[in-house]
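Peer 1: Pasting a structure below so you can have a look.
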Amino acid sequence: MLWHAVREVCVPPVESVFVVLAPEDKAFALQDWGAFAGKLEPLFCGGETRRDSVYNGLVAAMAAVNADDWLLVHDAARPCLPLSDLKQLIAECEKDEIGGILAVPASDTVKKAQKDEAGAQRIAGTEDRAQLWLAQTPQMFRAGLLTQALSRAADATDEASAVEKMGLRPRLVLGSRQNLKVTYPEDVAIAEAILARAT
């Protein structure tokens, strides 16, 4: 999955791709990364959470990155990013003061849950899905802003939520459902089908 995720972002105008790995990672070196020679730089500084890994990666990459440079943060669990989605994100965000993320509007009815006294999940309410979007990656922000935001938001679940905590409102850029996050076992088969169709 990581190889496919890297391939999807190793395209113009992306100049460099930093891959944040666990400090003790040994598997990365076993893969053939020759197709991305000159663009790929592994950083063995991953943390316990996504926020920690992204923040550590930013700190490690700052020698090669200017504070005003745009950064795309992508998730290895999203190996099916369409090139058209990436291009749209870059086109809309590079003119934005804050930056933004790929996302899709919620299409299902969304229920808020609450456990009852016996521990069973019960519906506590129905959310207005017209106001709800499902966040994806890549997420695109300037390096300095993102470093500052993540340094102040240890509990951030994604880069946009850290930026939001600074009182800013990142842009929502319409993505596609093809850019799925491989989370559950059945997602593997869906991702394999998407990748097979794309080649």
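The values are calculated or read from the model by the stated rules, or taken from the named source; none is laboratory data. None of these values were measured; they are calculated from a predicted model. Glycine gets a Cβ as well: all are built from the backbone with ideal geometry, and neighbour counts include every protein chain shown. The area values use the complete protein model at the heavy-atom level, side chains included, leaving out ligands, DNA and RNA. Shrake-Rupley method; radii C 1.70, N 1.55, O 1.52, S 1.80 Å.
Peer 1: Can you say whether Ala103 is in contact with a helix residue (DSSP H, G or I) (Cβ under 6 Å, 6 or more places away or on another chain), modelled with pLDDT of 95 or more and either open to solvent by 80 Å² or more (accessible area, probe 1.4 Å) or farther than 20 Å from Pro12 by Cα (or both), as far as the supplied structure shows?
Peer 2: no
Peer 1: Does segment 83-90 contain any residue that is in contact with a Leu (Cβ under 7 Å, 6 or more places away or on another chain) and not polar (S, T, N, Q)?
Peer 2: Taking every residue of segment 83-90 in turn, at least one turns out to be in contact with a Leu (Cβ under 7 Å, 6 or more places away or on another chain) and not polar (S, T, N, Q).
Peer 1: While we're on this one: Need pairs with beta-carbon distance below 9 Å; first residue assigned to a loop (DSSP other than H, G, I, E, B) and within segment 88-107, second open to solvent by less than 20 Å² (accessible area, probe 1.4 Å); sequence gap 6+ or separate chains.
Peer 2: Once the first residue is assigned to a loop (DSSP other than H, G, I, E, B) and sits in segment 88-107, its partners that are open to solvent by less than 20 Å² (accessible area, probe 1.4 Å) give Glu94/Met140; Asp96/Met140; Ile98/Phe141; Ile98/Val163.
Peer 1: What is the one condition in (1) closer than 26 Å to Glu8 by Cα; (2) surrounded by fewer than 21 Cβ atoms within 10 Å (Cβ to Cβ) that Leu132 does not satisfy?
Peer 2: (1)
Peer 1: How do the strands (runs of 3 or more DSSP E) wholly within segment 10-75 filter down when requiring 2 or more residues that are open to solvent by less than 60 Å² (accessible area, probe 1.4 Å) and over 17 Å from Gln148 (Cβ atoms): which remain?
Peer 2: Strands (runs of 3 or more DSSP E) meeting the threshold: 17-20, 40-43.
Peer 1: Right, next: For segment 62-82, give me the residue count where each residue is more than 22 Å from Val188 (Cβ to Cβ) and under 20 Å from the mean Cα position of the chain (by Cα).
Peer 2: Count: 9.
Table: residues versus (1) part of a loop (DSSP other than H, G, I, E, B); (2) in contact with a strand residue (DSSP E or B) (Cβ under 9 Å, 6 or more places away or on another chain); (3) farther than 23 Å from Val6 by Cα; (4) in contact (Cβ under 8 Å) with a residue 12 or more places away in the chain.
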position	(1), (2), (3), (4)
Ala113	no, yes, yes, no
Ile123	no, yes, yes, yes
Leu134	no, yes, no, yes
Leu146	no, yes, no, yes
Ala156	yes, no, yes, yes
Gly167	yes, no, yes, no
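Peer 1: Now, a different point. Being modelled with pLDDT of 95 or more, open to solvent by 80 Å² or more (accessible area, probe 1.4 Å) and within 17 Å of the chain's Cα centre (by Cα) narrows it down to one residue among Leu180, Leu174, Leu150; which is it?
Peer 2: Among Leu180, Leu174, Leu150, only Leu174 is modelled with pLDDT of 95 or more, open to solvent by 80 Å² or more (accessible area, probe 1.4 Å) and within 17 Å of the chain's Cα centre (by Cα).
Peer 1: Residues to consider are Pro82, Pro13; find the one that is closer than 21 Å to Gly99 by Cβ and modelled with pLDDT under 95.
Peer 2: Going through Pro82, Pro13 in turn, just one is closer than 21 Å to Gly99 by Cβ and modelled with pLDDT under 95: Pro13.
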